[in-house]
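The structure appears right after this line, and notes come after that.
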2 protein chains.
Amino acid sequence: MSSNHTHNKKDQTLTKNQRIVLNLLQDSGEPLKAYFILDSLKKEGLNSPLQVYRALDKLVELGKIHKVESLNSFIICNNSNCASNTAFTICERCGKVKEIKNNNLTEGVNELVRENKLNITRYNLEFYVVCNTCKIN
Amino acid sequence: MSSNHTHNKKDQTLTKNQRIVLNLLQDSGEPLKAYFILDSLKKEGLNSPLQVYRALDKLVELGKIHKVESLNSFIICNNSNCASNTAFTICERCGKVKEIKNNNLTEGVNELVRENKLNITRYNLEFYVVCNTCKIN
DNA sequence: TTTAAATTGTTATAATATTACGTATGTAAT
DNA sequence: ATTACATACGTAATATTATAACAATTTAAA
C-alpha cells in the first residue's frame, strides 16, 4: 500500500470518501468547487453531490480544509495546527488564493480581537489583492 | 409624493427596481436573501430572479449595500461613506449581523494592511461572535 | 455482543445565480 | 431632431450550489 501522499496519523481515521477528497485538495493546492471534486472523483467511486458535501463538511470540521466563502470553493489548510480562524488573499486578476498564516497581519488581527474584547469565536478574512505575478504584468 | 424613507440625492438616480430593493433592505436592516427579496417585492412588480440580482449587483457596485458572503445575503450599508471594505460580526447563535465601522478593530485592520504593504484592494471580514443578547441567555 | 453513533449510498429537490435574447429607455453628440 | 451609445428592462431557460429524507451498513464503545 504505497502512496505519494504524506499522511499523518489522524488521516488514518478518515473514511475513504473523506480521504480521497482530502487527497485531491492536497494535490491541487488550489480552491476547488464541490462539483469539480465530484467530477474528478467519479472514477474513485463518488456518485452524488451529497457524498462530496458530507466529506467536505467533515474535513472543514476537522480543520483540514477551509471554505473560501466568496468563491464557494474549498482549499487545503496549509497550516497544520490552525484553528477555525482563516485568512486568505484572493488575486482579483488571476484568482489565485493563498492562505495567510502566522504573519504580522494575522497576528495583528488576533491582537485586535483580544484588545477589543469582542466575543469572537472565529473569523474568516478575505483580502482581495493584486498578486505579485499579476502586478508585474 | 411622500415617503417614510430618507433618501439622499443619489438615490434619485436609481431606477425603480434598484430603489425598491434598496428600500426593502433599508427598512429591514437585516441581511436578506435574493429570493426572499423577490417574494417580498412581487407586488411591486418584480417577477424574476434576474431583476433582483441585477438590482443587487448595481447597489453593491454603488456601495449602498453589501453582500455577506458566508450567508449568501445582502444587507444595507450603514456607513454612508464606506468604501468596498466590509467587516461584519455574525452571531453564531441568533444569526444577527452587524456591520463594524470606524472602530478600533477596523482601524487596526486598515493599519495592518498599510504596514504590511500588501497590494490589498479591498477586504471582506466576517467575525463570528456570541452577541451580547445571546451571551446573557 | 448488543447498543449507539457515524457513515454510506441513492433519489429527489431546494436554493442560489447566470446566460441568452430581444426590447426599451435615457443621454450625449451630431 | 436624429443618430449612436450605454444602461436597464422583461422573460424564459438553464446552470450551479447545497440539502432533505430514508434505508442500509459500518464502526466504536460499553
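The values are calculated or read from the model by the stated rules, or taken from the named source; none is laboratory data. Given the structure is predicted, the values throughout are model-derived calculations rather than measurements. Counting neighbours? That spans all protein chains shown, and the Cβs are built from the backbone with ideal geometry, glycine included. For accessibility, only protein heavy atoms count, side chains too; no ligands or nucleic acids. Shrake-Rupley method; radii C 1.70, N 1.55, O 1.52, S 1.80 Å.
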### Message
Can you tell me which of (1) open to solvent by less than 20 Å² (accessible area, probe 1.4 Å); (2) in contact with a strand residue (DSSP E or B) (Cβ under 9 Å, 6 or more places away or on another chain) is the one residue A:78 doesn't meet?
### Response
(1)
### Summary
All conditions in (1) within 30 Å of residue A:132 (Cα to Cα); (2) within 16 Å of DNA strand D (Cβ to nearest atom); (3) out of contact with any Asp or Glu (no Cβ under 6 Å at 6 or more places or on another chain) are true of residue B:49 except (1)
### Task
Just give me the residues in the range B:57-68 being within 8 Å of DNA strand C (Cβ to nearest atom) and either assigned to a loop (DSSP other than H, G, I, E, B) or touching a strand residue (DSSP E or B) at 6+ places or on another chain (Cβ under 8 Å) (or both), in sequence order.
B:67
## Note on the structure
Filtering the range B:42-75 for residues that are open to solvent by 80 Å² or more (accessible area, probe 1.4 Å) and among the polar types (S, T, N, Q) leaves a count of 2
### Query
In the range A:121-137, which residues are facing another protein chain (nearest Cβ under 7 Å) and either farther than 25 Å from residue B:98 by Cα or not acidic (Asp, Glu) (or both)?
A:121, A:122, A:123, A:124, A:125, A:127, A:128, A:129, A:130, A:135
### Unique match (being in a loop (DSSP other than H, G, I, E, B) and out of contact with any Leu (no Cβ under 6 Å at 6 or more places or on another chain)) among B:102, B:110
B:102
### Query
Is it the case that the range A:84-91 has a residue that's open to solvent by 50 Å² or more (accessible area, probe 1.4 Å) and either more than 11 Å from every other protein chain (Cβ to nearest Cβ) or at pLDDT 90 or above (or both)?
no
### Message
It is to be established whether one or more residues within the range B:28-48 are within 29 Å of residue A:117 (Cα to Cα) and either assigned to a helix (DSSP H, G or I) or without any contact (Cβ under 8 Å) to a residue 40 or more places away in the chain (or both).
### Response
yes
### Query
Is it true that some residue in the range B:75-87 is on the phi > 0 side of the Ramachandran plot, assigned to a loop (DSSP other than H, G, I, E, B) and free of Cβ contacts under 8 Å to residues at least 40 places away in the same chain?
no
### Query
Can you name the residue in the range B:97-120 that is crowded, with 16+ Cβ neighbours inside 10 Å and under 19 Å from the mean Cα position of the chain (by Cα) and, of all such residues, is nearest to the other protein chains (Cβ to nearest Cβ)?
B:105
